[in-house]
Amino acid sequence: MNGWMGTVLRVDLTVGRVTKEPLDPLLARNYVGGRGMAVKILLDELKMDCDPLGPDNMLIFINGPLTVTGTLCSGRYMVVTKSPLTGTICSSNSGGYFPAAFKTAGYDVIIFTGKSKKPVYLWVNDDHVELRDAGACWGRDTRETCDIIRRETHKEACVSCIGPAGENLVRYAAIINDGARAAARSGVGAVMGAKGLKAVAIRGTGGVRVADPETLLKSTVIADHIKKADLGIAFAEFGTPLFVDVMNANNIMPTKNFQEGFFEAGDEINGAEIIDRTLVRSKACYGCALNCGRNTRLPEGGKYQGRGDGPEYETCYSLGSNIMVGDLEALTKMNYICNETGLDTMDAGSTISAAMELYEMGRITAGEIGFPLVWGDADAAIQLLYMIASGEGFGREAGMGGRYVAEKYGAPDVFMGSKGQGFAGYHPRGMVGQGLLYATSPEGGNHTTGNTIQPEINGIPEPMDPLSAEGKAEMVIRRQNETAFIEACGVCLFPYMLMEEGTEIIAEFYSAVTGLEHTEDDVRRIGERIFNLEREFNRRLGFDRKDDSLPKRLTHEPHTDGIAEGNVVPLEEMLDSYYRLRGWDSNGVPTGDTLGSLGIF
Amino acid sequence: MIRIRIILSGLLRKHYRMPPSSKGEAVELKSGACAADLLSRYGIVSDKVHMIVINRRKANLRTLLKDGDQVRFLPLAAGG
């Protein structure tokens, strides 16, 4: 096979057995890799009603056929499982260098089942695969774990691991690889912790066979083009926090738990401030032309100390504007804590912002939390992050997620998310298509199942009124299908979603790598198949229209800022069009004809 | 004369060597100046500017400036 390595690793943690089996070529051809192939495996094999944190759940590490092929930005892998946060399918995506090691060791997929009696980690050194005792690193943070495992295995090993948050089953625990890259969302780290699996360490020295290497050389031309384009230069210069300015200027920077869309202190936590105050150097994932990562250090003598990576834009929103913290150094410290303890910064922020609103409402007291929790109090937020990761006191409840906390304290409407997962940093009242995208995402509030900034904010490829429902269903469907295919390929979303001709390019690369000729329409159709299969997964668990929802704050409380002032998200109107165009019934269930036409039976 | 504050976001700040502060800088212009005049003052090419915001409101090149205005020029954006 070209592109795919052709081998699946199965790890039964209950009995401690590792087996290898050949990859089914038909599975690869129809579902590509990443979330596409993984959801098919789960639908075929998973006991659907399993407890996500029980031994019956399956945890899948998976790359894609384009991973490490010389294709532009091809250093990604995904973790796919049944989420303990949402109860739905979930797929969490990460970069760095671990994905390259994973693929070049010779594997497309690692499927973990069961539950280990004692903590273990998986050590993969090319052909050699074994489970090892993780006693020395259980309880340690992600940085220490990485160091210990490298000492125990090989200095070139790439390590993907959980921290205390995953061990303590925080429902939004992340899996951290290469020190600071994160498969962060939906609680994939908690599933790993529940299985007693502390880490996966891989050293890979092999290569990947591709069908048409000459066409792939085009990748270098495109990389050069991106590096010289304004947006490419901006990514390298400012990283994703560049967007703080833009979101604030458009009044779509979620602030004070989405009550507002403009953060007064935005200029204190943007990409320029990071350059001036904390940046050590920019960082790139494997095969990247953008370098959007930030390696940072807190200044000596300051209140907060440490060195690490980030924050990314999403953290500037979730632990910055949305909890009203405008102190870059405090925000950076919170980002370090999340990376070290293995927490998703986005749902950590989403939960804390809900708790702050509950505190303001008097629904929860300082006595119950252990201290006052007022807007903008960075030290209180830092203390709460440590409590969440360790499962201490109120931290145990906060570790169940924002929806749980909001419901428990009697104000479910203060949770700003969908299907139990907190939103990303784009306020839907000022870009209503993003609201439709959140509502219909298979895993709820999410920024990687497609975002709508290019069409709704930048007007690319065509100007679009961000406040109107017109054309949004069609646009969202297109973005979701394209994103599903790109993620399945094992490459980064950024360049392909930013370039107008991104889908055409990914189709060309996919054809060149695999030798299977695919057009733009072909790859969109595969993306549509993947998206429908995820929908089918959720349907079997009882999810339908009632779950494609947004908080009342977005659908009934008018926006307070800028051009979107007075606007709300017309969700039901958009949903009707969306279901019709998807070929789903009015309750959001894919019809037999639709599934059949996509080859899903 | 009017005194306004100009802020360049993202890449514009790098291109046009704005001082190392995201709070921008103060500048004096003749009364009746518009956003385009401000761009000219800094030698900024207008096709590099995707969006102009004056005092948190979207504006355009012809928008007249008033004393005390805060004017922000932004390039294209993306998500992250």
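Listing for the model above:
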item: Residue identified as open to solvent by 40 Å² or more (accessible area, probe 1.4 Å) and under 19 Å from B:Leu74 (Cβ atoms) among A:Glu264, A:Glu260, A:Glu273; result: A:Glu264
item: Residue among A:Ala380, A:Ala398 that alone is within 30 Å of A:Asp547 (Cβ to Cβ) and of a type outside the set (Val, Ile, Thr); result: A:Ala398
item: Residue among A:Thr113, A:Thr69, A:Thr19 that alone is closer than 22 Å to A:Val210 by Cβ and open to solvent by 10 Å² or more (accessible area, probe 1.4 Å); result: A:Thr69
item: Residues located in region A:539-566, provided they are at pLDDT below 95, open to solvent by less than 20 Å² (accessible area, probe 1.4 Å) and either more than 19 Å from A:Gly425 (Cα to Cα) or not charged (D, E, K, R) (or both); result: A:Gly562, A:Ala564
item: Exclusive hit being closer than 25 Å to A:Val491 by Cβ and either assigned by TED's automatic domain parsing to the domain that holds A:Ser94 or hydrophobic (A, V, I, L, M, F, W, C) (or both), set A:Ala265, A:Ala289; result: A:Ala289
item: 1 or more residues in contact with a Pro (Cβ under 6 Å, 6 or more places away or on another chain): qualifying strands (runs of 3 or more DSSP E) within region A:28-121; result: A:77-82, A:89-94
item: Filter result (open to solvent by 10 Å² or more (accessible area, probe 1.4 Å) and either under 25 Å from A:Gly95 (Cα atoms) or not in a helix (DSSP H, G or I) (or both)) within region A:276-288; result: A:Leu279, A:Val280, A:Arg281, A:Ser282, A:Lys283, A:Ala284, A:Cys285, A:Tyr286, A:Gly287, A:Cys288
item: Some residue of region A:531-542 being assigned to a loop (DSSP other than H, G, I, E, B), in contact with a Gly (Cβ under 8 Å, 6 or more places away or on another chain) and either of a type in the set (S, T, N, Q) or over 14 Å from A:Cys489 (Cα atoms) (or both); result: yes
item: Pairs, first within 20 Å of A:Glu360 (Cβ to Cβ) and within 11 Å of chain B (Cβ to nearest Cβ) in region A:253-277, second surrounded by 23 or more Cβ atoms within 10 Å (Cβ to Cβ) and among the basic types (Lys, Arg), C-beta under 9 Å, six or more apart; result: A:Gly261/A:Arg429
item: All positions within region A:321-334 that are open to solvent by less than 10 Å² (accessible area, probe 1.4 Å) and in a helix (DSSP H, G or I); result: A:Ser321, A:Asn322, A:Ile323, A:Leu328, A:Ala330, A:Leu331, A:Thr332, A:Met334
item: Search result, residues across region A:247-275 that are assigned to a helix (DSSP H, G or I) and not acidic (Asp, Glu); result: A:Met247, A:Asn248, A:Ala249, A:Gly266, A:Gly271, A:Ala272, A:Ile274, A:Ile275
item: Checking A:Asn295 against (1) within 24 Å of the chain's Cα centre (by Cα); (2) within 14 Å of chain B (Cβ to nearest Cβ), the condition it does not meet; result: (2)
item: Some residue of region A:499-518 being under 21 Å from A:Glu470 (Cβ atoms), at pLDDT 95 or above, open to solvent by 30 Å² or more (accessible area, probe 1.4 Å) and of a type in the set (Gly, Ala, Ser); result: no
item: Single residue of region B:33-80 satisfying the filter (hydroxyl-bearing (Ser, Thr, Tyr) and within 16 Å of B:Leu12 (Cα to Cα)) that is farthest from the other protein chains (Cβ to nearest Cβ); result: B:Ser40
item: Set A:Gly166, A:Gly135, A:Gly196, A:Gly114: member being of a type outside the set (A, V, I, L, M), without any contact (Cβ under 8 Å) to a residue 24 or more places away in the chain and outside the structural domain of A:Tyr286 (by TED's automatic domain parsing); result: A:Gly135
item: Which numbered condition A:Phe494 misses (of (1) assigned to a helix (DSSP H, G or I); (2) away from chain B (no Cβ under 14 Å); (3) open to solvent by 20 Å² or more (accessible area, probe 1.4 Å)); result: (2)
item: Hits in region A:307-320 (condition: small (Gly, Ala, Ser) and either within 14 Å of chain B (Cβ to nearest Cβ) or open to solvent by 30 Å² or more (accessible area, probe 1.4 Å) (or both)); result: A:Gly310, A:Ser318, A:Gly320
item: A:Lys103 vs. criteria in the same structural domain as A:Val32 (by TED's automatic domain parsing), open to solvent by less than 10 Å² (accessible area, probe 1.4 Å) and basic (Lys, Arg); result: yes
item: Elements of type helices (runs of 4 or more DSSP H) contained in region A:137-246, each with 3 or more residues being open to solvent by less than 10 Å² (accessible area, probe 1.4 Å) and either within 14 Å of another protein chain (Cβ to nearest Cβ) or farther than 30 Å from A:His518 by Cα (or both); result: A:142-152, A:188-194, A:230-238
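The values are calculated or read from the model by the stated rules, or taken from the named source; none is laboratory data. Since the structure is predicted, the reported quantities are computational estimates derived from the model, not experimental observations. Every residue, glycine among them, receives a Cβ derived from its backbone with ideal geometry; neighbour counts consider all protein chains shown. For accessibility, only protein heavy atoms count, side chains too; no ligands or nucleic acids. Shrake-Rupley method; radii C 1.70, N 1.55, O 1.52, S 1.80 Å.
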